[in-house]
Amino acid sequence: MDQRLLGKTALSIELAKRINGEIVSADSMQIYKEMDIGSAKPSKEEMQGIHHYLLDFVPPNERYSVADYKKAAIKAIEKILQKGKTPIVVGGTGLYIDVLIYNIDYPEMEFDETYRKYLEQRVEKEGLQTLYDEATKIDEVAMRKITPNDQKRILRVLEVYHQTGKTKTQQEIESRKQEVPYDYKVYALTMEREKLYDRINKRVDIMIEQGLIEEVKQILKTYHEYPTAMQALGYKEIKEYLEGNITKEEAIETIKQETRRYAKRQLTWFRKNKQTKWLDANEKEENMKIILEGIN
């Protein structure tokens, strides 16, 4: 989802200016190169000279894990602190936020290409719902946050259990016993659901106008295979359209529908975090005042 719909980008940049801060992205799509329109990556102009970390550095055909993100994010945070500046972590990927504020560690796992291909073949033959049900039996808690059409995360739950003998949830519980090295203040923006959904629909139309279809075409042409990143919201639907499986109109409507669902899941995720302080997305100046009071 375009985080600028909620004013997150503008608010974080203004905050960085006021407290001598730099921004660490926590967006699992914006890490990828060449995926600019569909990920709503901020432009150089929008950054207004504020240094951003963990944007636009992973090729779309490479795998990038949560463990990879945690290492890179901590490195960026330490670098900012060494400059005498304040790190501001910005983004809507709940898992990325959680690994930092709860200091969650995931075991280093070698990617098992054979097992991944086996799972993908099963998806083709049996359908994704079968694997979703299987993953739910293994780790019901983790699967509450995963929708039946989220192939990437469904397969991940199965892969973690296959390789470690432990569920993803077990690993998170065990790793949360570690002390958190930073004093995080967590803020989240929200607005009336009807207004949010209307903005999402309009933003998807703008992405199409800006060239999302051409962006997906170019990525698939450049990398020849279907990159991991092509499972991302907005990209997988356009890929389906380009392959002739659905119409352009169906692809656009599906993106809108799935983005609305994703926004709902984001809100649910952050509501479970007791540290989260909720701000009205329409009150920019008031929000800035609340944040500044909270961190001073």
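Quick note: the coordinates plus some simple rules give every number you see, no bench work behind them. In this text the structure is predicted, and so the values were computed from the model without any measurement. Cβ atoms come from the backbone with ideal geometry, glycine included; neighbour counts cover every protein chain shown.
Below is a table of values for the structure above.
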| read-out | value |
| --- | --- |
| In Hz, Karplus ³J(HN,Hα) per residue of segment 55-68 (6.51, -1.76, 1.60; θ = phi - 60°; x = Gly, Pro) | 10, 6, 9, 10, x, x, 9, 9, 7, 9, 8, 5, 4, 4 |
| Backbone HN-Hα couplings from phi across segment 85-97 [Karplus 6.51/-1.76/1.60, Hz, Gly and Pro as x] | 10, 9, x, 10, 8, 10, x, x, 7, x, 5, 5, 5 |
| Theoretical FRET efficiency, 1/(1+(r/R0)^6), r = Cβ-Cβ of residue 129 and residue 243, R0 35 Å, to 0.05 | 0.95 |
| Sequence-separation-based contact order of segment 149-296, relative, with Cα cut under 8 Å and 6+ spacing, percent | 33 |
| Neighbour cut-off at most 10 other Cβ (10 Å), DSSP loop, GluC sites (Glu not before Pro), segment 241-296 | 243 |
| Greater than 26 Å apart at Cα, pairs in 117/168; 185/284; 17/41; 168/274; 17/83; 117/248 | 117/248 |
| Extension gain, residue 202 back to residue 121 (0.36 nm per residue minus Cα-Cα distance, nm) | 25.5 nm |
| Rel. contact order, % - alpha carbon contacts under 8 angstrom, at least six apart, segment 113-175 | 29 |
| Residue with peak Gaussian network fluctuation, the chain [Cα springs, cutoff 10 Å], from 38, 91, 165 | 165 |
| Interchain or long-range residues, amide H under 5 Å from residue 24's placed H | 53, 88, 89, 90 |
| Within segment 39-95, trypsin sites (Lys or Arg not before Pro) in DSSP loop having at most 13 other beta-carbon neighbours inside 10 Å | 63, 83 |
| Net charge of neighbours whose Cβ lies under 12 Å from the Cβ of residue 72, counting Lys and Arg as +1 and Asp and Glu as -1 | +2 |
| Per DSSP, loop trypsin sites (Lys or Arg not before Pro) in segment 185-263 with at most 16 further Cβ within 10 Å | 185 |
